[in-house]
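S.K.: This is the structure I want to talk about, given as structure tokens.
Values in this text are rule-based calculations from the coordinates and carry no lab data. Given the structure is predicted, the values throughout are model-derived calculations rather than measurements. So basically every Cβ, Gly included, is an ideal-geometry build from the backbone, and we count neighbours across all protein chains shown.
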Amino acid sequence: MTLGFRHDDGWFNILWRLCEGLEPLVAALEKQTERRFEILQVKEKFGGLRVYVNDADDNIRTRIETAQVESFRTCEVCEKPGARREGDWIKTLCDEHASTQELECDADRTSSLKRPQCVLAIALFPLTVRLLNYSISCIDLLS
């Protein structure tokens with residue numbers, strides 16, 4: 001079961017570079033294992049990017065870890081340099097967003113699928129990503 005994307009737009013370019021780097025690695029893995037690679041979920045957790053996949057080798061894990069490390073230095077909202085901030089939520093934010101955004105606990109927090117994430121989801125299809133939240137939202141945005 002895929003859970004889609006749950007993060008703000010500031011990490012879009014980190015994910016874009018990750019996907020570009022994963023494409024040849026995934027092709028090799030799928031050829032070797034004869035199994036389909038899937039990104040099951042992408043989300044923010046404890047201030048950093050988390051990418052969950054169904055299968056990975058050392059090269060894929062290393063590439064994902066590199067993106068995760070970069071996320072801890074990048075504002076999740078705007079992509080400027082950021083730092084880990086702790087409140088009700090632990091997030092990586094720049095000074096501007098840390099001062100304007102209350103870190104409130106919201107059990108229903110779900111980042112809506114905005115156009116940059118929609119474009120990213122389309123870019124991931126060569127990797128056979130299946131997203132629950134993608135279908136209707138993306139079709140509406142592209143109409």
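S.K.: For a quick check: sort Lys80, Lys31 by the number of other beta carbons within 10 angstrom, fewest at the front.
M.R.: Placing the least packed residue first, the sequence is Lys31, Lys80.
S.K.: Moving on to the next point. Nearest 20 debye, what's the magnitude of the dipole of the range 1-85 about its Cα centre given +1 on Lys and Arg Cβ and -1 on Asp and Glu Cβ?
M.R.: About 340 debye.
S.K.: Hey, got a sec? Which trypsin sites (Lys or Arg not before Pro) in the range 69-100 land in a DSSP loop and have at most 16 other Cβ atoms within 10 Å?
M.R.: Filter output for the range 69-100: Arg73.
S.K.: Please order Phe37, Phe72 by the number of other Cβ within 10 Å, starting at the fewest.
M.R.: Starting with the residue having the fewest Cβ neighbours, the order is Phe72, Phe37.
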